[in-house]
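Student: Would you mind keeping the following structure in view while I ask a few things?
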Amino acid sequence: MNSRDLVAVPLFAALIVALGVMPPIPLGFLPVPITLQTLGVMLAGAMLGPWRGALAPVLVVLLVILGLPVLSGGRGGLGVLAGPTAGFLIGWIPGALVTGLLARPVLRRGGQDWRVLLGLLLACTLGGILVVYALGIAWLALVGGVGLGAAALGSLAFLPGDLIKAVIAAGATRAVQRVYPLV
């Protein structure tokens, strides 16, 4: 890792934590709240690339393990990793990785703005939503005592907000790419 990486990874980890300042919005029918932190995961993957992008949520998870209240609602500690939200939390790591893997070729190729934005939106949607949901839903079904179908159906409540986050992450990544080459 170079000095740029040593600054960028903790900076994006701090962004993920900062996005947790917004109080979580409980859904009532699922023990998983709505937060803004997945926006930080998408931004980390899209802007930092797959490996550095994945290190940002790794750092956040390590802070959680150490007991720091870095998650939305001031949560932290090993108990979080045993709870129903742990799959979503752990899913941030491969989510950022996949987002970065898909965003890199789009940014390298460049081209018309709408094509780049569409490619980045796809990267953020597949990595930041699909991958995170896959792990989160599976864990929720396993630990939360909810059937897989019910967990998947309940998680659809997150989809509109997460799609908005993906649009924001794609637009922000494209804007940064214009003034500061990411690849």
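Derivation of every value follows stated rules applied to the coordinates shown; laboratory data play no part. What you see is a predicted model; the values in this text were computed from it and never measured. Cβ coordinates were reconstructed from backbone atoms using ideal geometry, including for glycine residues, and neighbour counts include every protein chain displayed.
Student: How far is it, in nm, from the label point at Leu81 to the one at Met22 when both lie 7 Å from their Cα along the line to the Cβ?
Tutor: Spacing of the two 7 Å Cα→Cβ label points: 2.8 nm.
Student: Per DSSP H run of at least 4 residues, take -39500 (n - 2.57); add these up for the chain, divide by its residues and hand me the 222 nm value, nearest 500 deg cm²/dmol.
Tutor: Per the formula, -22500 deg cm²/dmol.
Student: Give me the one-decimal nm value for the distance between modelled label points at Met1 and Val176, 7 Å along each residue's Cα-to-Cβ direction.
Tutor: Spacing of the two 7 Å Cα→Cβ label points: 1.6 nm.
Student: Which of these, Gly100, Gly128, Gly161, has the largest mean-square fluctuation under a Gaussian network model of the chain (Cα springs below 10 Å)?
Tutor: Gly161
Student: Ok, one more. Springs between alpha-carbon pairs under 10 angstrom, Gaussian network model over the chain: which of Arg115, Arg52, Arg104 fluctuates most?
Tutor: Maximum among the listed residues: Arg115.
Student: Sticking with this one: Give me the distance between the Cα centres of the stretch 107-183 and the stretch 27-83, rounded to whole Å.
Tutor: 15
Student: Quick query: amide H of Leu68 versus all other amide H atoms, modeled in the peptide plane; which residues come in under 5 Å with a sequence gap of 5 or more or a different chain?
Tutor: It is Gly77, by chain and number.
Student: Highest GNM mean-square fluctuation, the chain, Cα pairs closer than 10 Å: which of Leu130, Leu142, Leu89?
Tutor: Leu142
Student: Between Leu156 and Trp114, what is the label-to-label distance in nm when each label sits 7 Å out along the Cα-to-Cβ direction?
Tutor: Reported label-point gap for Leu156 and Trp114 is 3.0 nm.
Student: Scan the chain and note any complete DSSP helix (H) whose C-alpha atoms cover at least 15 Å along its axis and whose Kyte-Doolittle average is 1.6 or more.
Tutor: Length and hydropathy pass: 3-18, 50-65, 132-143.
Student: For Ile34, enumerate residues with amide H under 5 Å from its amide H, sequence gap 5+ or separate chain, H modeled in the peptide plane.
Tutor: Ile25, Leu27
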